[in-house]
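The values are calculated or read from the model by the stated rules, or taken from the named source; none is laboratory data. Computed from a predicted structure; not experimentally measured. Note: ideal-geometry Cβ built from the backbone for every residue, glycine included; neighbour counts use all protein chains shown.
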């Protein structure tokens with residue numbers, strides 16, 4: 001009996017030892033496992049870090065009785081991100097995990113993503129594994145897979161473009177007054193009753209008012225005299241000429257009472273005659289309800305000879321009487337047109353009145369003054385006045401919001417824009433500007449919705465959507481949205497889309513006042529391997545922006561320069 005107990009104890013101990021030995025062997029040889037990570041350096045896009053890990057398990061490593069749980073982990077200062085694990089088993093294990101052969105080895109694959117945090121810029125991705133044989137477990141050594149995360153998309157400038165509503169200010173406004181003098185058949189003298197007509201009285205008053213106002217200038221005087229197309233052509237030629245003279249004589253008296261000199265008046269005059277007004281005849285017939293209208297119009301289209309036309313129309317005997325009574329008298333006339341230009345205030349006067357006497361100005365002049373004003377504070381003052389004087393003008397409130405956005409006063413901007421939206425809901429410009437505020441406040445989804453609803457507002461909206469697409473990792477779309485903009489973000493989008501040469505050409509034409517432009521130029525050249533250009537652009541970037549200097553120390557875009565003496569001296 002004792003021998004049996006000793007034998008059982010011996011066998012049990014052997015099992016235990018063989019189990020531990022199997023785990024120890026797997027741990028000792030864990031370094032033989034090979035891993036390949038895509039991308040080689042982790043990258044952040046749209047706030048996520050994606051990874052793809054492929055591992056090669058060598059032959060004679062995976063114990064037939066073992067179960068191994070592999071767990072990718074991203075470690076960084078202050079924490080770690082434990083990623084999705086996978087479990088595999090040896091050939092002799094009865095479970096439902098993927099089997100790795102002892103003699104053949106095998107492969108393991110992991111794909112996934114994790115949320116990016118700024119602290120993750122510096123860190124490393126490693127593979128951890130825990131092997132278990134029966135009830136014994138052993139942590140295998142962690143295996144380093146990759147260093148840090150490239151977060152270049154975070155360089156995006158969140159500088160969406162607000163839009164100001166346009167004014168309709170015109171410094172010179174043309175005004176035209178028209179009047180007709182009608183004549184009796186075969187006559188050219190002007191009847192007193194004609195000079196008492198409403199349109200003639202209005203013409204004379206128009207001339208009188210223009211003469212009194214210092215900011216009005218006479219710009220043209222036209223007299224066009226006509227004869228109706230009935231009767232002999234030579235008679236009509238004489239009639240139209242005589243009617244021109246009578247109209248001119250009457251008008252000379254009216255204009256003679258103005259400030260115009262005789263010489264100036266003569267330069268403004270335009271006198272013409274039409275012996276037989278067939279065009280006017282056709283227009284009046286087309287607009288009439290004459291029974292044979294279509295027949296008359298057919299005659300006009302068939303014949304060009306005025307004699308034939310008149311003969312054929314007179315053959316329509318019943319209709320011709322209607323023409324003689326209703327249509328032809330309207331064609332025996334002189335048309336008078338007087339054009340006057342009203343010259344508005346000068347820019348200097350408008351700016352002065354906007355501040356000191358805004359009641360003098362209309363809404364278009366106030367909106368124009370806001371555009372003229374120098375400095376954001378001055379613009380805001382003018383637009384504020386415009387909202388107070390014209391409470392129903394959505395453009396005034398929009399432009400007040402526009403300026404406050406530029407000043408960084410988002411709360412005041414939102415109040416003004418919400419009022420503008422009450423006055424004209426759904427206006428594309430207002431919608432864009434509300435989107436600008438949302439984006440600057442970090443509400444990307446609301447901003448995107450607003451921008452998509454404001455595409456009719458112009459190129460500024462495309463720029464704003466380009467920013468959104470960079471943030472969402474849609475770099476090709478961003479490039480398309482930026483196609484009409486030569487800006488930092490345009491070059492960044494091109495770089496992120498893999499268009500390195502285009503990015504390099506674009507950043508070269510962007511004004512380099514902002515150190516970030518030099519920084520991006522250095523990043524581009526780091527990607528294309530132009531070492532000299534990396535350092536020549538890196539220097540002015542970090543010398544003018546201490547934040548960029550701190551960023552560069554851990555920016556893996558420059559990982560090939562971390563040991564470069566010049567680079568190290570610049571970031572120290």
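May I ask you to say which residue of 458, 401, 442 is modelled with pLDDT of 95 or more and at positive phi? Spell out the reasoning first.
Numbers: 458 fails: modelled with pLDDT of 95 or more; 401 fails: at positive phi.
That would be 442, the only listed residue that is modelled with pLDDT of 95 or more and at positive phi.
Examine the stretch 517-528 for a residue that is within 23 Å of the chain's Cα centre (by Cα) and either part of a helix (DSSP H, G or I) or surrounded by fewer than 21 Cβ atoms within 10 Å (Cβ to Cβ) (or both), and state whether such a residue exists.
yes
Quick check: anything in the stretch 1-19 assigned by TED's automatic domain parsing to the domain that holds residue 85, at pLDDT below 95 and in a loop (DSSP other than H, G, I, E, B)?
no
Quick one: which strands (runs of 3 or more DSSP E) sit completely within the stretch 30-104 and have at least 2 residues that are closer than 30 Å to residue 557 by Cα and either touching a helix residue (DSSP H, G or I) at 6+ places or on another chain (Cβ under 7 Å) or in the same structural domain as residue 121 (by TED's automatic domain parsing) (or both)?
The strands (runs of 3 or more DSSP E) meeting that bar are 34-38, 42-45, 48-57, 66-76, 79-82.
May I ask you to list the residues in the stretch 297-331 that are in contact (Cβ under 8 Å) with a residue 24 or more places away in the chain and under 60 Å from the mean Cα position of the chain (by Cα)?
Matches in the stretch 297-331: 306, 309, 323, 326, 327, 328, 329, 330, 331.
For the stretch 276-298: of the residues being touching a helix residue (DSSP H, G or I) at 6+ places or on another chain (Cβ under 6 Å) and closer than 29 Å to residue 218 by Cβ, which is surrounded by the most Cβ atoms within 10 Å (Cβ to Cβ)?
So, considering only residues that are touching a helix residue (DSSP H, G or I) at 6+ places or on another chain (Cβ under 6 Å) and closer than 29 Å to residue 218 by Cβ, the one surrounded by the most Cβ atoms within 10 Å (Cβ to Cβ) is 277.
Within the stretch 379-393, is there a residue that is within 21 Å of the chain's Cα centre (by Cα) and assigned to a helix (DSSP H, G or I)? First the steps, then the outcome.
Initially, the stretch 379-393 is screened for residues within 21 Å of the chain's Cα centre (by Cα), giving none.
No, that holds for no residue.
Starting from residues that are in contact with a helix residue (DSSP H, G or I) (Cβ under 9 Å, 6 or more places away or on another chain) and assigned to a helix (DSSP H, G or I), keep the ones in the stretch 315-331 and report whichever is surrounded by the fewest Cβ atoms within 10 Å (Cβ to Cβ).
326
Taking the options 477, 541, name whichever one is at pLDDT below 95, assigned to a helix (DSSP H, G or I) and not assigned by TED's automatic domain parsing to the domain that holds residue 50.
Values: 477 fails: at pLDDT below 95.
Residue meeting the stated conditions: 541.
Can you find, within the stretch 431-473, the residue that is surrounded by the fewest Cβ atoms within 10 Å (Cβ to Cβ) among those that are assigned to a loop (DSSP other than H, G, I, E, B) and touching a residue at least 12 places away in the same chain (Cβ under 8 Å)?
Taking the stretch 431-473 first, the residues assigned to a loop (DSSP other than H, G, I, E, B) are 441-443, 453-454, 458, 472-473.
Narrowing further to those that are touching a residue at least 12 places away in the same chain (Cβ under 8 Å): 441, 453-454, 458, 472-473.
Values: 441: 13, 453: 16, 454: 25, 458: 15, 472: 16, 473: 17.
Per the criteria, the residue is 441.
Per-residue answers, yes or no, for (1) in a loop (DSSP other than H, G, I, E, B); (2) closer than 25 Å to residue 202 by Cα; (3) at pLDDT 90 or above:
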site	(1), (2), (3)
265	no, yes, no
273	no, yes, yes
276	yes, no, yes
288	yes, no, yes
336	no, yes, yes
341	no, yes, yes
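Just to be sure, is residue 206 in contact (Cβ under 8 Å) with a residue 24 or more places away in the chain, part of a helix (DSSP H, G or I), touching a helix residue (DSSP H, G or I) at 6+ places or on another chain (Cβ under 9 Å) and assigned by TED's automatic domain parsing to the domain that holds residue 187?
In short, no.
Could you list all residues from the stretch 140-196 that are surrounded by 15 or more Cβ atoms within 10 Å (Cβ to Cβ) and within 26 Å of residue 277 (Cβ to Cβ)?
177, 179, 180, 181, 182, 183, 188, 190, 194, listed by residue number.
Among the residues of the stretch 180-190, is any over 30 Å from residue 523 (Cα atoms), in a strand (DSSP E or B), within 55 Å of the chain's Cα centre (by Cα) and not assigned by TED's automatic domain parsing to the domain that holds residue 119?
yes
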